[in-house]
Structure formats: structure tokens, C-alpha cells
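These notes are about the structure you will find just below.
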Amino acid sequence: MKFIIGKKVNMSQVFTEKGEVVPVTVLQAGPVVVTAVKQAAAKDGYNAVQVGYGARKAKNISKAVAGHVKTLGSFELLKEFRTEGESTLKVGDTLDAATFAKGDTVSVTGVSKSKGFQGVVKRHGFHGGPRSHGQKHSEREPGSISGGTRNGGRVPKGMRMAGRTGGEVITVKNLKIVDIDSANNQILISGAVPGRRGTIVSITA
């Protein structure tokens with residue numbers, strides 16, 4: 001299993017050998033440092049690799065975390081990746097964009113853009129009310145919220161209504177790696193990934 005933590009830089013486009021244009025997302029991948037290796041055979045009970053990404057001031061890290069990472073560094077984020085078997089990685093190993101290869105199929109997980117409190121048209125794609133004569137202020141209304149159903153006048157759970165939009169953990173699967181810039185430690189992935197510029201994402205293959 002391949003994995004790394006990265007940061008969304010921007011979107012761009014590249015041209016294939018056939019002259020076709022492919023939209024890509026540029027990700028600053030790592031480098032990440034292995035901070036712990038967990039094994040099912042040991043007291044951990046499961047196989048996983050914990051990595052540290054980014055940097056932050058040592059004064060902003062708790063003593064518990066500082067004692068855990070010891071001399072490895074002051075990381076912005078610690079994240080575990082489950083592995084199928086025992087990993088060959090060791091504490092202190094470094095992973096970068098070269099971990100992946102051009103043509104790999106990956107999944108990218110990140111937090112989507114937050115859009116605040118939105119109505120049903122923007123949040124759920126409702127079409128709104130009719131624009132015919134006799135209608136007033138109904139262009140973006142939600143319509144009935146099922147007050148007369150068998151729930152006894154109560155609104156059923158899961159009813160699509162206005163509310164906070166975005167800011168959710170989203171995973172996009174089956175994305176292709178179009179190219180890898182090892183010099184700048186960047187990965188170019190086909191299509192869009194969740195989040196804005198600067199969003200931290202995890203990439204797995």
C-alpha cells in the first residue's frame with residue numbers, strides 16, 4: 001500500500017502526446033516522516049504506519065506529542081494509515097512524491113470547501129417553485145416538508161432542508177496520476193480533489 005500526505009496547490013492542465021488536454025490538480029506531496037509503526041502481533045492489535053507532515057513551532061506542541069516524536073521534528077499533522085500486513089518501514093524513514101509512479105490509481109481524501117448556511121437550491125440542487133403567474137417569492141422555496149405523512153405531523157429524519165453546506169470529509173476514488181515532478185516533490189492528479197488551495201489531503205493507492 002502506498003500513502004502520503006500532501007497539500008493542494010492549485011488546478012492546471014497538461015497536454016498528452018495526442019494533443020488532448022487533461023485537467024489536473026497539483027499536490028505538494030510530503031515529505032512525511034514515519035513516526036510510529038504498529039503491528040497486529042504486538043500490543044497494538046492492528047497494522048498501521050503513522051507519519052508526520054509539515055512543521056510547526058515546538059512551543060505549540062504538547063509534551064505528550066513531543067515525547068512521542070522525540071527528535072524526529074515538530075509536525076503540523078500526525079496521521080495513521082492502515083496496512084494489510086506488517087510494514088517494512090521503520091521509524092525515521094522519509095516518504096516523498098517518488099513513492100508513487102505515473103499511471104497509479106489513487107484515492108484522495110480531504111475536507112471540502114465550507115459554504116456556510118445555504119438554501120435547498122444550492123445545498124441539494126432543488127429547482128424551486130414554478131415561475132408562472134400567481135406565484136410570489138417561490139423561486140427558491142423548498143416546498144413541502146412532509147408535515148402530513150405518517151410521522152404524525154413531525155418532519156421525518158433526513159429531510160433535505162436548508163443548512164450548513166460543505167466542510168465535510170470527502171474521498172474521491174479512481175483518480176489517475178498524470179505526472180510526477182520529483183524535483184519539486186509535486187504530484188499531478190487527473191480531475192479535481194476536495195478543498196481549496198492549501199487544504200491538506202491524504203493520498204492512498
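The values are calculated or read from the model by the stated rules, or taken from the named source; none is laboratory data. For clarity, every value in this text was computed on a predicted model and none was experimentally measured. FYI the Cβ positions are ideal-geometry reconstructions off the backbone, even for glycines, and counts take in every protein chain you see.
Selection of region 129-143 for residues being on the phi > 0 side of the Ramachandran plot and touching a helix residue (DSSP H, G or I) at 6+ places or on another chain (Cβ under 9 Å) yields only Gly143.
Residues in region 1-44 that are under 17 Å from Val91 (Cβ atoms), of a type in the set (Gly, Ala, Ser) and within 19 Å of the chain's Cα centre (by Cα): Gly30 alone.
In the set Ser144, Ser112, Ser132, only one residue is surrounded by 12 or more Cβ atoms within 10 Å (Cβ to Cβ), out of contact with any Phe, Trp or Tyr (no Cβ under 6 Å at 6 or more places or on another chain) and of a type in the set (Ser, Thr, Tyr); that residue is Ser112. Only one entry in Pro130, Pro156, Pro142 is over 30 Å from Val201 (Cβ atoms), in contact with a His (Cβ under 9 Å, 6 or more places away or on another chain) and not polar (S, T, N, Q), namely Pro142.
Taking the criterion of being surrounded by fewer than 13 Cβ atoms within 10 Å (Cβ to Cβ), closer than 18 Å to Gly198 by Cβ and at pLDDT 90 or above, the residues of region 1-57 that qualify are Asn10, Ser12.
The number of residues in region 2-34 being touching a residue at least 24 places away in the same chain (Cβ under 8 Å), in a loop (DSSP other than H, G, I, E, B) and on the phi < 0 side of the Ramachandran plot comes to 2.
Here the condition is being under 17 Å from Phe3 (Cα atoms) and touching a helix residue (DSSP H, G or I) at 6+ places or on another chain (Cβ under 9 Å); of Leu89, Leu27, it holds for Leu27 alone. Only a single item in (1) among the aliphatic types (A, V, I, L, M); (2) more than 20 Å from Arg197 (Cα to Cα); (3) surrounded by fewer than 18 Cβ atoms within 10 Å (Cβ to Cβ); (4) under 25 Å from the mean Cα position of the chain (by Cα) is not met by Val69, and it is number (3). Under the condition of being more than 18 Å from Ile200 (Cβ to Cβ) and in a strand (DSSP E or B), the residues counted in region 35-69 number 4. Across region 84-94, the number of residues qualifying as touching a residue at least 60 places away in the same chain (Cβ under 8 Å) and either farther than 20 Å from Ile203 by Cα or touching a strand residue (DSSP E or B) at 6+ places or on another chain (Cβ under 6 Å) (or both) comes to 2. Condition test on Gly153, is it on the phi > 0 side of the Ramachandran plot, touching a Gly at 6+ places or on another chain (Cβ under 7 Å), exposed (fewer than 13 other Cβ atoms within 10 Å of the Cβ) and not polar (S, T, N, Q)? Criteria met by Gly153. Inside region 76-125, residues that are over 20 Å from Gly52 (Cα atoms), of a type in the set (A, V, I, L, M) and part of a loop (DSSP other than H, G, I, E, B) make up a count of 1. When region 171-205 is filtered for residues that are within 26 Å of Gly119 (Cβ to Cβ) and crowded, with 16+ Cβ neighbours inside 10 Å, the ones remaining, listed by number, are Val172, Pro194, Gly195, Thr199.
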